[in-house]
1. Taking the criterion of being part of a loop (DSSP other than H, G, I, E, B) and surrounded by 19 or more Cβ atoms within 10 Å (Cβ to Cβ), would at least one residue in region 74-87 satisfy it?
2. Give just the number: which of (1) small (G, A, S); (2) touching a strand residue (DSSP E or B) at 6+ places or on another chain (Cβ under 7 Å); (3) part of a helix (DSSP H, G or I) does G52 not satisfy?
3. Which of the residues belonging to region 327-369 are assigned to a loop (DSSP other than H, G, I, E, B), of a type in the set (D, E) and modelled with pLDDT of 95 or more?
4. If I go through region 129-157 residue by residue, how many of them are in a helix (DSSP H, G or I), farther than 16 Å from L170 by Cα and not hydroxyl-bearing (S, T, Y)?
5. If you check S424 against the conditions, is it of a type in the set (S, T, N, Q), outside any loop (DSSP other than H, G, I, E, B) and either closer than 19 Å to E369 by Cβ or within 19 Å of the chain's Cα centre (by Cα) (or both)?
6. For region 263-298, which positions are free of Cβ contacts under 8 Å to residues at least 40 places away in the same chain and not β-branched (V, I, T)?
7. Of the residues in region 107-128, how many are over 16 Å from L66 (Cβ atoms), in contact (Cβ under 8 Å) with a residue 12 or more places away in the chain and part of a loop (DSSP other than H, G, I, E, B)?
8. What number of residues within region 439-471 satisfy the criterion of being in a loop (DSSP other than H, G, I, E, B) and surrounded by fewer than 18 Cβ atoms within 10 Å (Cβ to Cβ)?
Amino acid sequence: MATVREATLDLLRSLGMTTVFGNPGSTEIPFLNDFPEDFTYVLGLQEASVLGMADGYAQGTGGPALVNLHTAPGLGNSLGNLVSAWHNKAPLVVTAGQQDRRHVAKEPLLTGKLVDLARPYVKRAVEPLRAEDVPGEILRAYHTASQPPQGPVFVSIPMDDWDREATEELHPEREVVGAPSPDPAALDRVTEALRSAESPAIVAGSGVDRSGAFYEAAELAERARAAVWTDPISGRAGFPQDHPLYRGQLAPAQAQLAKQLSGHDVVLVLGAPVFLYYPYVPGPTLEEGTRLFHVTEDPQEAARATLGTSIVGDVGAAVRHLAGRLPEGERLAKNSPPETPEKGDPMSVAYAMHALGEALPPEAVIVDESISSNPQLKRYVTAKSPGGYYTSAAGGLGWAMPAAVGLKLASPERPVVCAIGDGSAMYSVQALWSAVRYGAPVVFYVIDNSGYSILKGFRDALGAEGVPGLDLPGVDAVRVAEGLGCAGENVSGADGLPGAIRRALVSGEPYLLNVAVDPTPPPLLGG
């Protein structure tokens, strides 16, 4: 009779989940004992990096990634990036070792309330009632994580379960196929609204890219003659950002967003919330007279929309349905590129992003945690292909560096650049070691303004004074990178930046560029 461990390993092989992202502890040793040669263990030096790498890998492959954490402290370390995975709708099977069942009632060291700790930010959290149930729970977790809306699932596994006999019969070949189809009659109402609209707009969110409808969304926009916006805080790009119909990103504030969309009589939101805000700026959701339609794979996202008609179902299917019922669109001239910004002394953030955009090929992947520099990134570095842009939809820090490593492991043929602030870079800097160890040649593009610039913008917008902790003197990111085995260089002048970017891109190894820029904080929300 096979053990629980043997049955689980066979199950993972059959599911194609032979890459394990982890940081080992004592409660995980029974699972990791005699680790199979056909599996790959990707070590992160801190659990936030472990979870972030798995998130990037899962989004890059489109299928569940396996995470193995160390009981309550390890799960706790990962929680910030577990929140990101939840909001990113990243399919993860997250496991953690629990103390031995035979004395867990005595609450020995490393006993954890793991299910309670994980539960708010996973689709399902469970500790199997019996050791024999472990493989079945992992199979259920795989299917639960995979089904739309995708997301993380958590399984707590007592450390003595692995050596018990596996008595339950598994059927790993079984499938859970297909996403719910959106209601055709409801989509036909959207079609008629788009046909009759004088000035329609489309808001393309992450769900468009997840559903494989990136280019189909462009066809829909052309047929509908619709301006296209990105939703305010979008984890992925759902539309080619060099397309002539693309208008940019909506503001994450109620009054400003309604004003941006005020000229449109019909707004169609695809694969995004209605709407995700950040600072409280009261105002209408949309100006009076604007009709809103919403398509999402997430029933909860539909339920919390404050107006309009929400249609639940596969976003890609909806896009194709709508495009197929509208007349063919006319060819449009390409957008002119934005003007080259001034270099500045010190270097402007705009020029730093312009130089990066000039150097990147169309298939490049941008992983973004640039925060205060994000508007300039979006202006000069555009996502031109599916899977071309990722950020944390939760808004937290410490996600992008490890996520970039995971994305590079998932898509080794594509250039991957992590654009990140100097403050953000210190949250999961351990990911540099993993990038080196596992051969993930990511370019880490650090915008160094010597502080938490986004918070300075908030301070100024609120009229606050004397706020401590907003400056970061004395951080040498290049020396930190070198200490973790990662090559790097400092760039302090604009003239040297294009050559440094070229060196990083062709180096064939992880490479950190620390780009010193003007530290003047930009105004919050652009004004």
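1. No, region 74-87 has no match at all.
2. G52 satisfies every listed condition except (2).
3. E363
4. 1
5. Judged against the criteria, S424 is a match.
6. Matches in region 263-298: Y280, P282, G283, P284, L286, E287, E288, G289, L292, H294.
7. 6
8. Final tally of qualifying residues: 10.
The values are calculated or read from the model by the stated rules, or taken from the named source; none is laboratory data. Bear in mind that the values here come from a model prediction, so they are computed numbers and not experimental data. Note: ideal-geometry Cβ built from the backbone for every residue, glycine included; neighbour counts use all protein chains shown.
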